[in-house]
Amino acid sequence: MFLFSCIKDDSFPQIENITKGKKWTLEIGSSPLEVYKQLQKISVEKNIHSVNINYKKPYSKPEEIRSDISLYNAITLETTTGVLERVLIQFDQNKVTSIEKGGGMLDPIQNWPEDQPSDISININDPLDSIMGKLIAIYQIPMYQDLQIVLPPKSLEKPYDPDMKNYDEWFFTFFENISSSKDGRNSVTLFFKNNKLIKIRNQYDEFEIVN
């Protein structure tokens, strides 16, 4: 287990704004699809697993989802008022691999909603192409209509989601090992306009590693 302590140094954070040329493999002027492919090229080297889509709001019902959920690793359904309750449904290899339910801590369950028959509820090993139909049916039940649906950060291991072009800011982070006692963190925001990358903003910080 490691703890990170921010270095108290006036030289950090270092902010870099790139509006011409390129940074790493990311090239100014590229389309969202091209940028996504550029990110995939450096994902292994930089240990970048996913990219966040800034200002992407939760969906209030399944019909609002414009993305193919097979391009993601999971969906979360959560309450919008009162105590947080949520259901995390994870999938891989075109089927549901796990379902967890709870608040801050999640417990595994076999199906959700647990009070519904298997032809309506989402079950472990359900094929992924059945999930949207089941969600639509579940949202016809009054007690589940107020749940919001959240997609996770976009996994770079899966293909590009065309809906990503509808958002003007993407964000990702990655760490660099500086020494045995120091790590650097890059916090990168990508800005798009008219479906072109117009700016790369990188905030760089360094941290002491405490065992």
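The values are calculated or read from the model by the stated rules, or taken from the named source; none is laboratory data. Owing to the predicted nature of the structure, the values given are computational and were not obtained by experimental measurement. Cβ: placed from backbone, ideal geometry, glycine included. Neighbour counts: every protein chain shown. Areas reflect the complete protein model, heavy atoms only, side chains present, ligands, DNA and RNA absent. Shrake-Rupley method; radii C 1.70, N 1.55, O 1.52, S 1.80 Å.
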Just how large is the dipole of region 84-143 about the Cα centre, in debye to the nearest 20, putting +1 at every Lys and Arg Cβ and -1 at every Asp and Glu Cβ?
100
Result for the chain: accessible area per residue, probe 1.4 angstrom, in square angstrom, of 57
Could you compute how much accessible surface Asp168 exposes when probed at 1.4 Å, giving the result in Å² to the nearest 10?
90
With charges set only on the Cβ (+1 for Lys and Arg, -1 for Asp and Glu), what does the dipole of the chain come to about its Cα centre, in debye to the nearest 20?
900
Could you work out the relative contact order of the chain, using alpha carbon pairs under 8 angstrom and six or more residues apart, expressed as a whole percent?
33
Sorted by chain and number, the residues with a modelled amide H under 5 Å from that of Lys199, at a separation of 5 or more or across chains, are Phe191
Residue list for region 194-211, given a label point 7 angstrom along the Cα-to-Cβ vector of Ser181 and an amide N cut-off under 19 Å:
206-211
Matching label for the computed P(r) over Cα pairs in 10 Å bins from 0, in percent, out of (1) 9, 31, 25, 16, 12, 7, 1; (2) 8, 34, 35, 18, 4, 0; (3) 8, 28, 27, 24, 11, 2, 0, is (3)
Of Val210, Val83, which has the most accessible area with a 1.4 Å probe, and how do the rest follow in descending order?
Val83, Val210
What percentage of the solvent-accessible surface of the chain, computed with a 1.4 Å probe over protein heavy atoms, is contributed by carbon and sulfur atoms?
49
Positive end of the dipole of region 87-211, charges at C-beta (+1 Lys, Arg; -1 Asp, Glu), about the Cα centre: which of Asn195, Ala137, Pro152 has its Cα farthest in that direction?
Asn195
Label Leu71 and Asp168 with points 7 Å out from Cα along Cα→Cβ: what is the distance between them in nm?
2.1
Gain in span if fully extended, Val44 to Asn125, counting 0.36 nm per residue against the direct Cα distance
26.2 nm
Proximal charge balance of Ile65 [Cβ under 12 Å; K/R count +1, D/E count -1]:
-1
